[in-house]
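Right, I'll just put the structure down here and ask away after.
The values are calculated or read from the model by the stated rules, or taken from the named source; none is laboratory data. Not measured: the values here are computed from a predicted model. No Cβ is skipped: glycine too gets one built from the backbone with ideal geometry, and neighbour counts run over all protein chains shown.
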Amino acid sequence: MGERDFPEEVLSMGQSLAWQDDANCKGKDGDIFFPERGASIRLAKGICRECKVREECLWFALITGQKAGIWGGMSERERRKARRKLHLAGTLKRKS
């Protein structure tokens with residue numbers, strides 16, 4: 001996934017997407033990271049666990065409000081929970 005795949009407003013946030021070049025998921029089947037509802041996410045989480053840009057990926061998902069898929073080793077539900085904690089701590093601003 002390259003920078004051209006994201007909306008202009010995401011890119012204008014100053015969020016560099018160069019980290020994606022080093023992501024373990026690069027070139028893998030997207031269905032692994034965006035499974036059907038109820039399907040296993042174990043493989044995706046395993047790939048993410050060993051990824052050297054996992055933190056950048058997770059922050060990208062949190063900052064941009066990604067609602068679907070596995071990002072930075074976290075499911076949608078796990079990211080919602082993390083976002084709530086970050087909002088309470090004042091670390092992450094609400095996306096308008």
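Yes or no: segment 50-61 includes at least one residue that is touching a Ser or Thr at 6+ places or on another chain (Cβ under 7 Å) and closer than 20 Å to A82 by Cβ. Don't jump to the end; show me each part of the working.
So in segment 50-61, the residues touching a Ser or Thr at 6+ places or on another chain (Cβ under 7 Å) come out as none.
No: segment 50-61 contains no residue that is touching a Ser or Thr at 6+ places or on another chain (Cβ under 7 Å) and closer than 20 Å to A82 by Cβ.
Quick check on my filter: what residues within segment 24-67 are in a loop (DSSP other than H, G, I, E, B), among the β-branched types (V, I, T) and at pLDDT 95 or above? Spell out the reasoning first.
Looking only at segment 24-67, we keep the residues that are in a loop (DSSP other than H, G, I, E, B), and these are 24-29, 34-41, 50-53, 65-67.
Now drop any that are not among the β-branched types (V, I, T), which leaves 41, 53.
Scanning segment 24-67 gives a single hit, I41.
If I go through segment 42-59 residue by residue, how many of them are in contact (Cβ under 8 Å) with a residue 12 or more places away in the chain and either of a type in the set (A, V, I, L, M, F, W, C) or touching an Asp or Glu at 6+ places or on another chain (Cβ under 7 Å) (or both)? It would help to see each step written out before you state the result.
So the first thing to find is which residues in segment 42-59 are in contact (Cβ under 8 Å) with a residue 12 or more places away in the chain, and the list is 44-45, 47-59.
When the remaining residues are screened for being either of a type in the set (A, V, I, L, M, F, W, C) or touching an Asp or Glu at 6+ places or on another chain (Cβ under 7 Å) (or both), the result is 44, 47-48, 51-53, 57-59.
The qualifying residues number 9.
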